[in-house]
1. Being modelled with pLDDT under 90 and basic (Lys, Arg) is the filter here; which residues of the range 171-203 pass it?
2. If I ask for residues that are within 30 Å of GLY123 (Cα to Cα) and among the hydrophobic types (A, V, I, L, M, F, W, C), which ones from the range 135-161 would you list?
3. How many residues does the range 233-267 hold that are without any contact (Cβ under 8 Å) to a residue 12 or more places away in the chain and farther than 15 Å from GLY157 by Cα?
4. Can you give me the number of residues within the range 195-247 that are small (Gly, Ala, Ser) and part of a helix (DSSP H, G or I)?
5. Spot the failing condition for ALA189; the list is (1) surrounded by fewer than 19 Cβ atoms within 10 Å (Cβ to Cβ); (2) in contact (Cβ under 8 Å) with a residue 60 or more places away in the chain, and only one is missed.
6. Can you tell which of ALA145, ALA166, ALA149, ALA179 is farther than 21 Å from ILE235 by Cα and either assigned to a helix (DSSP H, G or I) or in contact with a Cys (Cβ under 9 Å, 6 or more places away or on another chain) (or both)?
7. Report, ordered by the first and then the second residue, all pairs with beta carbons closer than 7 Å, sequence separation of six or more or different chains, a first member in the range 81-99 that is closer than 16 Å to GLY251 by Cβ, and a second member that is of a type in the set (Asp, Glu) and part of a helix (DSSP H, G or I).
8. Determine, yes or no, whether VAL207 is touching a Leu at 6+ places or on another chain (Cβ under 6 Å), in contact (Cβ under 8 Å) with a residue 40 or more places away in the chain and among the aliphatic types (A, V, I, L, M).
Amino acid sequence: MTVFASARSGQRAQKRAGGMPRRSARTVLGPIGIAAVAVLAAAVLVAALGPLLIQQDPNTVNLAQAYAAPSIDHWLGQDANGRDIATRLIVGARTAIIGPFLVIGISTLCGIAIALVSVWVGGWFDVAVSRVLDAMFAFPGMLLAILAAALFGAGLGAAVIALSIAYIPYIARIVRSAALRERNLPYIAALQVQGVGPVTIAVRHIVPNISTLIWANAATAFGSAFIDLAGLSFIGLGVQAPTADWGAMVGNGVAGILQGYTEESMFAAICIVAVVGAVNILGDRLGNTMGGMR
């Protein structure tokens with residue numbers, strides 16, 4: 001009972017020392033952060049429900065209406081193939097958001113697992129993992145994605161896998177640093193004395209205590225992955241035609257810009273900037289919250 005009480009008191013002391021006062025979301029995020037949440041919520045709703053509500057086929061070609069101006073039936077006009085731009089933006093939101101979500105989900109889970117095992121084992125294993133992560137940092141993620149497209153063919157799947165591998169060292173290094181500090185705290189030793197296993201300690205204690213840092217960096221990485229995937233689609237190595245995607249729409253609209261028709265590229269670019277900006281703002285707010293807890 002004495003050891004058990006010691007572990008509990010150690011955890012409570014650590015939380016008090018970390019300074020984790022209860023603050024409302026409005027206080028933490030501020031007006032700009034709340035606006036960012038609203039933008040992301042709107043994007044997610046459009047991606048989830050938009051394709052179920054549209055009445056036009058986003059891939060229907062009507063060359064007679066190429067570059068048609070906005071109208072009641074086509075709110076944002078039509079592209080070079082006469083396809084409705086608004087409909088394609090709605091459908092493209094799904095591929096634009098799912099891709100980065102998969103990249104960050106895979107890389108974060110793998111990065112956390114690698115970091116926790118490295119910190120717990122320690123010694124030469126930890127040193128070796130650190131050197132491997134440093135070496136992976138020297139290999140640009142976009143280059144890896146381009147090589148994957150060359151080997152396995154262009155498409156969202158190859159790009160997601162390649163970028164997931166490229167983002168693992170970024171996540172793992174940050175989680176490792178935080179987990180190493182947490183690993184050396186007294187309450188961890190108290191839990192070990194109780195006989196609590198390393199997996200339980202990692203999942204139920206270490207990860208929750210560094211979760212704010214994980215979320216903050218995942219949000220920042222999401223914005224980067226969003227830009228990377230949009231860039232791959234822009235150059236034709238990501239989502240393939242005729243599937244709608246914001247990055248591909250920016251690329252497809254370049255020819256129209258030269259002729260004075262900016263709608264397709266402009267509206268797709270606005271969507272990308274809005275989502276990436278909102279994610280980065282949230283990542284910054286979470287990072288500031290983590291900084292205030294130290």
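1. ARG183
2. Across the range 135-161, the qualifying residues are ALA135, MET136, PHE137, ALA138, PHE139.
3. Within the range 233-267, the subset without any contact (Cβ under 8 Å) to a residue 12 or more places away in the chain is 241, 254, 257-258, 260, 262.
Of the ones still in play, those that are also farther than 15 Å from GLY157 by Cα are 254, 257-258, 260, 262.
Residues that pass the stated criteria total 5.
4. Within the range 195-247, the subset small (Gly, Ala, Ser) is 195, 197, 202, 211, 216, 218-219, 221, 223-225, 230-231, 233, 236, 238, 241, 244, 247.
From the residues that got through so far, the ones that are part of a helix (DSSP H, G or I) too are 202, 211, 216, 218-219, 221, 223-225, 230-231, 233, 247.
Residues flagged as small (Gly, Ala, Ser) and part of a helix (DSSP H, G or I) within the range 195-247 amount to 13.
5. ALA189 satisfies all of (1) surrounded by fewer than 19 Cβ atoms within 10 Å (Cβ to Cβ); (2) in contact (Cβ under 8 Å) with a residue 60 or more places away in the chain except (2).
6. ALA179
7. Hits for this filter: ILE85/GLU263; ILE85/GLU264.
8. no
The values are calculated or read from the model by the stated rules, or taken from the named source; none is laboratory data. Bear in mind that the values here come from a model prediction, so they are computed numbers and not experimental data. Methodologically, a virtual Cβ is constructed for each residue, glycine included, from the backbone with ideal geometry; neighbour enumeration extends over all protein chains shown.
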